[in-house]
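The structure appears right after this line, and notes come after that.
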Amino acid sequence: MRIASLLPAATEIIGALGLEQSLAAVTFECDEPPGIRERRPVVVDTALPPGLAPGEIDAIVTERVARGLPLYDLDREVLAGVAPDLILTQDLCRVCALPAGTVDEALDAIGITADVLSIDPHTLDDVLGSILAVGSRAGVPEVADRLVAGLRDRLAAVRDAVAGRRVPRVLVLEWTDPPFLAGHWVPEMVHRAGGTAVGAVEGGRSVGAGWDVLPEADLVLVAPCGFGLDSAVAQAEEVRQRLPGLPVVAIDSAAYVVRAGPRLVDGVEAIAWALHPDAVPEPPPGRVERIG
């Protein structure tokens, strides 16, 4: 089977299922398994220039959405040459990845047929269900069952470790310029890690808020969508200036928070350590960092 992944989370899932050799195409953001985009044709690229600050990204995205312009480009010629049997895409967030409707239109235009699976989770259970769905469509349901069972065991271990402890109020910033409170599965991650995500709804969408009206919290978790730890740390330093007196933690959001793949469980474990460092093991370096 030849699989085209048009979503970094799907590429991560394929790798975790042991199907890297079946990957025939990926996106410009795919980095798990490590080095995969250097080994496979890239069929999805971004319309955004590199190196932009969060405020600049927000301005360009807002302008392009208002004008009805795409945020991602699908290379139809390369996709046709790959001739995939299975295409993995999404409809969850048009700012984050190529929507499934665009893929269907492209397949019609270039005259190829493929099984298209849209991965659209809103909760952690949905994410685990997506892993099972990919495993089923890719022909390895037993492998997916074992992977998900192991992830559920790890989540249960965190639950037991933080049970009965004080539940801190956590302000999760999914974006910092302007500030956005995290949505989808992220508030649930905080809940499973032994905290409560203030101003957020589990399974809901992220919500914009001004700096002067942010909800009261005991700790700020800076998890900027699409950014790794170094960028999160830099943005967390700015947040600390905006919200003096509050403890601030930065996390590699791109790998462990906003990407709907198996490493969300690593993210829950990292957040649990940030909230309850004496209850759970410290995560490996490069995942989460306390500021100040």
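The values are calculated or read from the model by the stated rules, or taken from the named source; none is laboratory data. Since the model is a prediction, treat every value here as computed from it, not as a measurement. Neighbour counts run over all protein chains shown; Cβ positions are idealised from the backbone, glycine included. Note: accessible area is taken over every heavy atom of the protein model, side chains too, but ligands, DNA and RNA are not part of it. Shrake-Rupley method; radii C 1.70, N 1.55, O 1.52, S 1.80 Å.
Got a sec? Charge dipole of the chain, +1 on Cβ for Lys and Arg, -1 for Asp and Glu; which of GLY245, HIS122, ILE57 is way out at the positive end?
GLY245
Normalised by the number of residues in the chain, what is the relative contact order in percent for Cα pairs under 8 Å and 6+ residues apart?
In percent, rounded to a whole number, it is 15.
Please compute the modelled spin-label separation between LEU132 and THR113, points set 7 Å along Cα→Cβ, answer in nm with one decimal.
For the pair THR113/LEU132, the computed spacing is 2.9 nm.
Return the FRET efficiency for the residue pair ARG290, THR196: r is the Cβ-Cβ distance, R0 is 25 Å, and the value is rounded to the nearest 0.05.
0.80
Going by a ≥ b ≥ c, the root eigenvalues of the Cα gyration tensor, does the range 111-170 fall in the rounded group (a/c under 1.5), the prolate group (a/b larger than b/c) or the oblate group?
Cα axes put the range 111-170 in the oblate bin.
Kirkwood hydrodynamic radius (Cα pairs, Å) of the range 215-270?
When all Cα pairs of the range 215-270 are included, the Kirkwood radius is 11.5 Å.
Treat each spin label as a single point 7 Å out from the Cα along the C-beta direction, and report the ARG76 to VAL213 distance in nm.
The modelled label-to-label distance comes out at 4.3 nm.
Give me the Kirkwood hydrodynamic radius of the range 157-262 in Å, from all C-alpha pairs, to one decimal place?
Kirkwood radius, the range 157-262: 13.7 Å.
Grab the other residues whose beta carbon is less than 10 angstrom from that of THR11, score K and R as +1, D and E as -1, and report the net.
-2
Putting +1 on Lys and Arg Cβ atoms and -1 on Asp and Glu Cβ atoms, find which of TRP185, ALA133, LEU151 reaches farthest to the positive end of the dipole of the chain.
Of the candidates, LEU151 comes out farthest on the positive side.
Obtain the nm distance between the two label points defined at VAL143 and THR46 by a simple spin-label model: each point lies 7 Å from its Cα along the Cα-to-C-beta direction.
About 2.9 nm, to one decimal.
Under 8 Å for C-alpha pairs, at least 6 residues apart: give me the relative contact order for the range 152-292, rounded to a whole percent.
Contact order relative to length: 25 percent.
Kindly provide the helix-only [θ] at 222 nm of the chain, computed as the sum of -39,500 (n - 2.57) over DSSP H runs of four or more divided by all residues, to the nearest 500 deg cm²/dmol?
It comes out at -12000 deg cm²/dmol, rounded to the nearest 500.
Between SER206, SER231, LEU221, whose Cα lies farthest towards the positive end of the dipole of the range 196-241 when Lys and Arg beta carbons carry +1 and Asp and Glu beta carbons carry -1, centred on the Cα centre?
SER206
Compute the angle between helix 124-137 and the longest alpha-carbon principal axis of the chain, please, reported from 0 to 90 degrees and rounded to the nearest 10.
Roughly 20 degrees between the two axes.
Which of rounded, prolate, oblate describes the range 100-235, given a ≥ b ≥ c as roots of the alpha-carbon gyration tensor eigenvalues and a/c under 1.5 marking rounded, otherwise prolate only if a/b is larger than b/c?
Note, shape of the range 100-235 comes out oblate.
Of ASP218, ASP177, which has the most accessible area with a 1.4 Å probe, and how do the rest follow in descending order?
From most exposed to least exposed: ASP177, ASP218.
Please compute the length gained on full extension between ALA157 and GLU63, using 0.36 nm multiplied by the number of residues separating them and subtracting their Cα-Cα distance.
Here the answer is 29.4 nm.
Lys and Arg at +1, Asp and Glu at -1: add these up for the other residues within a Cβ distance under 9 Å of ILE251 and post the number.
-1
Carbon and sulfur together cover what percent of the accessible area of the chain at a 1.4 Å probe radius?
51
Could you give the dipole magnitude of the chain about its Cα centre, charging the beta-carbon of Lys and Arg +1 and that of Asp and Glu -1, in debye to the nearest 20?
Dipole of the chain, to the nearest 20 debye: 460 debye.
Along its three principal axes, how long is the range 173-221 when you only count alpha carbons? Whole Å, largest extent first please.
28, 22, 13
For ARG152, what accessible area in Å² do you get when you roll a 1.4 Å probe over the heavy atoms of the protein chains, rounding to the nearest 10?
ARG152 exposes around 110 Å² with every protein chain in place.
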